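Below is one structure, written out as structure tokens, with a few remarks after it.
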Amino acid sequence: MRLSSIDDSRLIRLPLVHNQNGSITAINNSLDVPFDVKRVYYLYDIPNGSNRGGHGHKELEQLIIAASGSFDITLRDGKKEKVYHLNNPSEGLLMPAGLWRDIDNFSSGAICLVLASMTYSEVDYIRDYAEFLAWKKGSKLC
Ligand code: TYD
């Protein structure tokens, strides 16, 4: 996934069932998300001014949803960057592997829900930006 670019990321609309008592969004594996979901996690109780992310993944694909509130996700591929503002629980950001992400500008009470294609593996992370850039250029095997 060294060759992925931010142009491979995109917002997708998720199913929404709404009535006067509220809304439901259900995400069906392989139907509504184009990878096999192996893990679900969520960020919550996020203090004002927090910065999350600050890393890249070599193989992990993710669908990121603002289940409550809002936040910004900045993606970098070593050449370009793009900022997504997520604030809609029936919309998700599909992220291929091989991108750097920073997440900030969390609203009060925001919940960042993540569906992931792999179980947690620290060896899939690149936590140093210079190392990430080198990896994208193929100049260092991580
Ligand atoms: P990290 O992915 O760096 O968080 P973020 O990108 O949201 O800032 O993970 C933070 C810590 O949580 C790190 O010590 C690893 C741990 N963690 C797990 O144990 N399992 C998981 O599925 C995730 C995502 C993180």
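The values are calculated or read from the model by the stated rules, or taken from the named source; none is laboratory data. Bear in mind the structure is a predicted one, so any value in this text is a computation, not a measurement. Neighbour counts run over all protein chains shown; Cβ positions are idealised from the backbone, glycine included. Heads up: the accessible areas ignore ligands, DNA and RNA and are worked out on the full protein's heavy atoms, side chains in. Shrake-Rupley method; radii C 1.70, N 1.55, O 1.52, S 1.80 Å.
Below, the figures for the structure above:
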{"item": "Farthest positive-ward along the chain dipole, Cα basis, beta-carbon charges - from TRP135, MET118, LEU14", "result": "TRP135"}
{"item": "12 Å Cα-Cα reach of LYS79 towards aspartates and glutamates, excluding residues that sit fewer than 8 places from it in its own chain", "result": "ASP7"}
{"item": "Largest to smallest principal axis extent of the C-alpha atoms in segment 6-138, angstrom", "result": "52, 35, 25"}
{"item": "Accessible surface, 1.4 Å probe, highest first, among residues VAL33, VAL40", "result": "VAL40, VAL33"}
{"item": "Cα-based shape type of segment 67-142, given that a ≥ b ≥ c are square roots of the gyration tensor eigenvalues and the cut on a/c is 1.5", "result": "prolate"}
{"item": "Probe 1.4 Å, protein heavy atoms only - accessible area per residue of the chain in square angstrom", "result": "56"}
{"item": "Sequence-separation-based contact order of the chain, relative, with Cα cut under 8 Å and 6+ spacing, percent", "result": "34"}
{"item": "Accessible surface of segment 22-142, 1.4 Å probe, proportion on carbon and sulfur as whole %", "result": "49"}
{"item": "Karplus 3J(HN,Hα) series, Hz, for segment 91-105 with 6.51 cos²θ - 1.76 cosθ + 1.60 (x for Gly, Pro)", "result": "9, x, 9, 8, 10, x, 5, x, 10, 8, 10, 10, 10, 8, 6"}
{"item": "Packing-based ranking, highest mean first, of 7-18, 112-123 given that Cβ atoms within 10 Å are counted", "result": "112-123, 7-18"}
{"item": "Helix-only [θ]222 nm of the chain, DSSP H runs n ≥ 4, -39500 (n - 2.57) each, per residue, nearest 500", "result": "-2000 deg cm²/dmol"}
